[in-house]
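In what follows, a structure is listed as structure tokens, so that the remarks can point back to it.
The values are calculated or read from the model by the stated rules, or taken from the named source; none is laboratory data. In this text, all values refer to a predicted model and were calculated from it rather than measured experimentally. Ideal geometry is used to build each Cβ from the backbone, glycine not excepted, and the neighbour counts take in all protein chains shown. To get the accessible areas, we keep the full protein, side chains included, count just its heavy atoms, and leave off ligands, DNA and RNA. Shrake-Rupley method; radii C 1.70, N 1.55, O 1.52, S 1.80 Å.
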Amino acid sequence: MTMPDLTSHPRVCLAFDPLELHYDFGADHPLQADRMRALLDLLETCQLWHQGDPLLHLPIRPASLDELRLIHTDDYLAAVQRLGASAARLPALPLQQRQELEQQAFRYGFGDGDTPIMPEMHEVSAMIAGGTLVAMSAVLGLPEGGQFASPQERPVHVFHPGGGLHHAWASRASGFCVYNDAAVAIAHVLRASEAKVLYIDFDAHHGDGVQRAFYDEPRVLTVSLHETGRYLFPGTGDVLELGNGLGRGYSVNVPLEPFTQDDSYIEVIENLLPPLALSFAPDVIISNHGCDTHAWDPLTHLALTTRALQAQVRLVHELAHRYCGGRWVAVGGGGYDPYRVVPRAWALVWAEMSGRPLPAQLPTSWVERWHPSWEAMRERERETWEVMGKPQQESGFPTTFEDQPDHFPPVPRLQEITRANRHTASLVRHLAVPPAVRPAFPPLRQRSPLTGLFDLLHLRGADTPSRSQTLQTPRGPVLLRDFCPPSLVERLRPSNGLCSFTRLPEREHRLLLEIARRADCALALAHTSGGEIVGEVTLAPGDAWWEGLEQVYEVAIEVSRDWRGLGIARNLLAFALDLEAREDLIFFAVGLSWHWDIEGTGLSIYRYREMLIKLFGSQGFKEYPTNEPNIAMDPANVLLVRVGSRADQRIVSQFFSRVLSTPHLPRL
Amino acid sequence: MLVKDVMTRKLITVTPDDTLGHAATLLRQFQFHHLPVVQGEPAIFGFTGAVKPLYLEGLLTSQDIDLAVAASGQQPWQERHVQEVMDRSPVCVTPTTSVSAAAQLLVERGLNGLPVVEYEQHEQRTRALLVGLLTRSDLLIALARALGAFEPGMQLLIPFTAGNPTPLARLLLLAAELHVQVRSLVVVPPRNGQPHTATVRLGTINPAPLLMRLQDEGIEYTFPDLALEERRHDNA
Ligand SMILES: [Zn+2]
Ligand SMILES: [Zn+2]
């Protein structure tokens, strides 16, 4: 393993706010805020980090409602605020009001012992989500990460141990998680930049919430390594969950056998993570270091020691430097042995990240402070192991940072487990690692009309399904993005001036969503880093008149009234048509004078027509006469066609015979 | 479970006079494999409960189109009509057919989809009013839903002897007491006189409190396929 050159990344930070210590579900709950106290105490005792050290501490702030809305629904956010505010006085409320709140709690996932209502849970969870968002923004140099006097002061790695609440869904709390901090942070990055994000989840449970949030998004590769869901929560995370639509191949799951130990685990991650990172080429990595994979953790059956936990963090560190300029955020995650495992596991993460060596021995004073807390819960931990079907272990409270190998003898089924994990890893490799990606998908039937537009436009097998580009305009940068998946469109909103057809921005938004959902359409958008859609180009199969013509696509463009004259139309059109299959296809655009925004542009019909011809002319479109009934209705209307140089001659002649065919409809 | 509980109600239909080009565009656009062919209006959308009733004329599948593409000679396949290649008497089910009967029908006849119709008497003729479509995917989704797969949860096996489901009943009472959600409960009929086993899916990441109560009450449970020790292969 090559050690990163520490002088090349001067700043590494740990993000923390004292409010995060309020993320605590009460005394008998497995998730204890004490694990954070014990961690911070360990770091401070070893002089690895101190909250008062401005160089090592990244201050954070709560995520705004607008930011939380990138992932969570309005009704859920309202319920969390309401339930959190009334948690403390719930027992004192009148019966009817209490029942109403309990019903609401039940509907949003707070009705059971897993994620009970917690006082101020909105404020606390928003701070955690904000922490991961600030951390991601900081390493990417986005404004939300804070101002730094010089680029050298911008942190290149950030550890946010309070984050990693990966089970939260859009409108439901689940598995101890209220707001999905990593998903919110990733969605923010997608909205504010061109970056591609690699999410690696080492927690013993499947990272279902994060996977769900980006299941159709090829700009986020989610990789979750977890104990198989055959019986363990949340039950999902099968190898075959690969992503949907354009995001197919961008969700990777590695379900591991129960009682998997270090050797097999390390073999799997070293086998899979480097080729995945290489082929995806991320701009930033975010890793979840849930340490409920440890052999002592009461809630799962994986049997790792600090050796495998260290291998995880070393590997991610190396990948971050090799593939994305070091940009890396690590978050905490699960971990339910709050005194013996979590503080050591996350101190190892911080030590690796910050390049500070750890002493062999745990400080005696720290052990003295926390050993009694473990003794107090020791019996309950033992009982939990027993009912969960885990082997009893005699080891006591650790005295060293690294586990003693003789405390962790090989499990009886070691060979069988290793074989099963190897099999899983090879299946994942086959499914998710290029160049095996394409053959693993149903082979494209060359002559069948039933393939999606994406495949047609990428006949030559390019493997970047969705491109991004930044356009500098006098009004600031605008992001261009092609093949926008529905999840991205949901998180953006149309500019007010972008609705000359639909009249209302909400209606325009619904329309764009419908287009994004269609497999046979392509949607390219121009949007600001604040998430405002200012321009759109759609590619769709020709409608009724052109029915049945293969490889003929209608192009439509619109730019917001408020963003014209900045070159967005020309650039967005060029960007959307910059497809490898463009020379195989026929594109046409129809200009109907009654749709033109004569009022908004202040142009005459004639001038507008000229502008349209010039705009499309820049991409090689030519004007053709036609008796297509809509176009023929007004002499100002125009048909613009671009015939690709490699287009099939049979289709070209079919197309032009259609352009000038006698309409079945009576002429007006 | 009846066909009406799991069938697709949002239907995209074609008429016998539509072209295959049009049908192919619809199949591609909606990523379907079946198009019911109906009489009358050339409407694209035939949502059930729509104003006009739709009477089934036949069924067109993506395979029918692929065959037509492969066989296209002089005439381009896009210009041929749906009625030339559709199946004119597809096997149908009614909304109250049981899902198990429909599943058997699909498997035995090697079919992928069944139109769901209600029969009407009209001037001495029987007409098939189209109300839905049942595909293999609908059945698989119904199965996954029945197993609770769409809800986060963990799985537990509760063995009990036929005729005495008390352990199962105790488990459910304890789950209710501890506010643990039961996502699904599946009991497969015994084979070879083996005792019953119920597969229970519980909506919790932390089953330990419930498991401790089960243990206290002497109720046996296991995790599916969780074995620390070497598996015995003695029972053939
Ligand atoms: Zn580094
Ligand atoms: Zn976990």
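Regarding segment A:236-258, can at least one residue be identified that is within 14 Å of chain B (Cβ to nearest Cβ) and in a strand (DSSP E or B)? Within segment A:236-258, one or more residues are within 14 Å of chain B (Cβ to nearest Cβ) and in a strand (DSSP E or B).
Which one of these is surrounded by 11 or more Cβ atoms within 10 Å (Cβ to Cβ), small (Gly, Ala, Ser) and part of a strand (DSSP E or B): B:Ala128, B:Ala102?
Numbers: B:Ala102 fails: part of a strand (DSSP E or B).
Residue meeting the stated conditions: B:Ala128.
Applying the criterion of being surrounded by 12 or more Cβ atoms within 10 Å (Cβ to Cβ) and more than 8 Å from chain A (Cβ to nearest Cβ) to the residues of segment B:207-216, the residue that is nearest to B:Pro152 (Cα to Cα) is B:Leu210.
So A:Gly131 clears everything in (1) in the same structural domain as A:Met353 (by TED's automatic domain parsing); (2) open to solvent by less than 50 Å² (accessible area, probe 1.4 Å); (3) not in a helix (DSSP H, G or I); (4) not aromatic (Phe, Trp, Tyr) except one condition, right? Which one? Exception for A:Gly131: condition (3). Checking each residue in segment A:321-356 for being within 16 Å of ligand 1 (Cβ to nearest atom) and in contact with a helix residue (DSSP H, G or I) (Cβ under 7 Å, 6 or more places away or on another chain) picks out A:Tyr323, A:Gly326, A:Arg327, A:Trp328, A:Val329, A:Ala330, A:Leu348, A:Val349, A:Trp350, A:Glu352, A:Met353, A:Gly355.
Restricting the first residue to segment A:315-326 and requiring it to be touching a residue at least 24 places away in the same chain (Cβ under 8 Å), which pairs with a second residue that is near ligand 1 (Cβ under 9 Å from one of its atoms) and in a loop (DSSP other than H, G, I, E, B) meet a Cβ separation below 6 Å and a spacing of at least six or different chains? The qualifying pairs are A:Ala320/A:Gly326; A:His321/A:Pro4; A:Gly326/A:His9; A:Gly326/A:Val156.
Looking only at segment A:599-628, how many residues end up being outside any helix (DSSP H, G or I) and free of Cβ contacts under 8 Å to residues at least 24 places away in the same chain? Write out each step before concluding.
First, the residues of segment A:599-628 that are outside any helix (DSSP H, G or I): A:602-604, A:618-628.
Those still in the list that are free of Cβ contacts under 8 Å to residues at least 24 places away in the same chain too: A:602-604, A:620, A:622-623.
Looking only at that region, the number is 6.
Can you run down the residue pairs with Cβ atoms below 9 Å, 6 or more apart or on separate chains, where the first is in segment B:190-206 and more than 30 Å from A:Gly207 (Cβ to Cβ) and within 14 Å of chain A (Cβ to nearest Cβ) and the partner is surrounded by fewer than 21 Cβ atoms within 10 Å (Cβ to Cβ) and not polar (S, T, N, Q)? Matching pairs, first to second residue: B:Thr197/B:Leu157; B:Thr197/B:Pro159; B:Thr197/B:Phe160; B:Thr197/B:Val187; B:Thr197/B:Val188; B:Thr197/B:Pro190.
Could you look through segment A:620-647, keep only residues that are of a type in the set (D, E, K, R) and modelled with pLDDT under 85, and pick out the one that is most open to solvent (accessible area, probe 1.4 Å)? If you could, list the steps in order and put the result at the bottom.
The first filter runs over segment A:620-647 and keeps only residues of a type in the set (D, E, K, R), leaving A:622-623, A:628, A:634, A:642, A:646.
Subsequent filtering for residues that are modelled with pLDDT under 85 retains A:628, A:634.
Details: A:Glu628: 19, A:Asp634: 46 Å².
Ranking the qualifying residues of segment A:620-647, first place goes to A:Asp634.
Restricting attention to segment A:169-227, the residues that are away from ligand 2 (no atom under 16 Å from the Cβ), away from every other protein chain (no Cβ under 14 Å) and either of a type in the set (A, V, I, L, M, F, W, C) or under 23 Å from A:Thr293 (Cβ atoms) (or both) add up to 14.
For segment A:288-326, give me each residue that is acidic (Asp, Glu) and more than 14 Å from every other protein chain (Cβ to nearest Cβ).
If the condition is that a residue be acidic (Asp, Glu) and more than 14 Å from every other protein chain (Cβ to nearest Cβ), then A:Glu318 is the only one that fits.
Taking into account only those residues within segment A:349-374 that are of a type in the set (D, E, K, R) and modelled with pLDDT of 95 or more, which is most open to solvent (accessible area, probe 1.4 Å)? So the residue we want is A:Glu368.
For segment A:136-160, taking the residues that are farther than 16 Å from A:Ser287 by Cα and among the polar types (S, T, N, Q), the one that is least open to solvent (accessible area, probe 1.4 Å) is identified as A:Ser150. For A:Gly591, the test of being in contact with a Lys or Arg (Cβ under 7 Å, 6 or more places away or on another chain) and open to solvent by 20 Å² or more (accessible area, probe 1.4 Å) is failed.
A search for C-beta distances below 6 Å between a residue of segment B:148-161 that is closer than 9 Å to B:Ala198 by Cβ and any residue that is part of a loop (DSSP other than H, G, I, E, B), counting only pairs 6+ apart in sequence or on different chains, returns B:Leu156/B:Tyr221; B:Leu157/B:Pro224; B:Ile158/B:Tyr221; B:Pro159/B:Pro195; B:Pro159/B:Glu220. Return the residue satisfying two criteria in turn: it lies in segment A:388-407 and is within 14 Å of another protein chain (Cβ to nearest Cβ) and crowded, with 19+ Cβ neighbours inside 10 Å, and of such residues it is modelled with the lowest pLDDT. The extreme case among them is A:Lys390.
Is there a residue in segment A:332-343 that is in a loop (DSSP other than H, G, I, E, B), among the aromatic types (Phe, Trp, Tyr) and within 16 Å of ligand 2 (Cβ to nearest atom)? Within segment A:332-343, one or more residues are in a loop (DSSP other than H, G, I, E, B), among the aromatic types (Phe, Trp, Tyr) and within 16 Å of ligand 2 (Cβ to nearest atom).
With respect to A:Ala195, determine if the residue is assigned to a helix (DSSP H, G or I) and either touching a residue at least 40 places away in the same chain (Cβ under 8 Å) or over 30 Å from A:Leu471 (Cα atoms) (or both).
On the way: assigned to a helix (DSSP H, G or I): no; either touching a residue at least 40 places away in the same chain (Cβ under 8 Å) or over 30 Å from A:Leu471 (Cα atoms) (or both): yes.
Answer is no for this residue.
For beta carbons closer than 9 Å, sequence separation of 6+ or different chains, a first residue in segment A:566-578 that is in the same structural domain as A:Leu615 (by TED's automatic domain parsing) and under 12 Å from A:Thr538 (Cα atoms) and a second that is open to solvent by less than 10 Å² (accessible area, probe 1.4 Å) and part of a helix (DSSP H, G or I), the qualifying pairs are A:Leu573/A:Phe616. Filtered by the rule that a residue be more than 16 Å from ligand 2 (Cβ to nearest atom), aliphatic (A, V, I, L, M) and either within 14 Å of chain B (Cβ to nearest Cβ) or in a loop (DSSP other than H, G, I, E, B) (or both), segment A:146-168 gives A:Ala149, A:Val156.
Could you identify the single residue in A:Asn244, A:Asn288 that is in contact (Cβ under 8 Å) with a residue 12 or more places away in the chain, open to solvent by less than 10 Å² (accessible area, probe 1.4 Å) and within 15 Å of the chain's Cα centre (by Cα)?
On the way: A:Asn244 fails: open to solvent by less than 10 Å² (accessible area, probe 1.4 Å).
When all the criteria are applied, what remains is A:Asn288.
Filter segment A:562-581 for residues that are in a helix (DSSP H, G or I) and modelled with pLDDT under 85 and give the result.
Initial filter on segment A:562-581 (in a helix (DSSP H, G or I)): A:562-563, A:568-576.
Result: no residue meets the conditions.
Of all residue pairs spaced 6 or more apart or on separate chains, those with beta-carbon atoms under 7 Å, a first member in segment A:93-109 that is part of a helix (DSSP H, G or I) and a second member that is among the hydrophobic types (A, V, I, L, M, F, W, C) and modelled with pLDDT of 90 or more are A:Leu101/A:Leu83; A:Gln104/A:Ala79; A:Gln104/A:Leu83; A:Ala105/A:Leu83; A:Ala105/A:Ile117. Exactly one residue among A:Trp350, A:Trp366 is more than 14 Å from chain B (Cβ to nearest Cβ) and either under 19 Å from A:Cys13 (Cα atoms) or within 16 Å of ligand 2 (Cβ to nearest atom) (or both), and that residue is A:Trp350.
Counting the residues of segment B:145-184 that are within 13 Å of chain A (Cβ to nearest Cβ) and assigned to a strand (DSSP E or B) gives 8.
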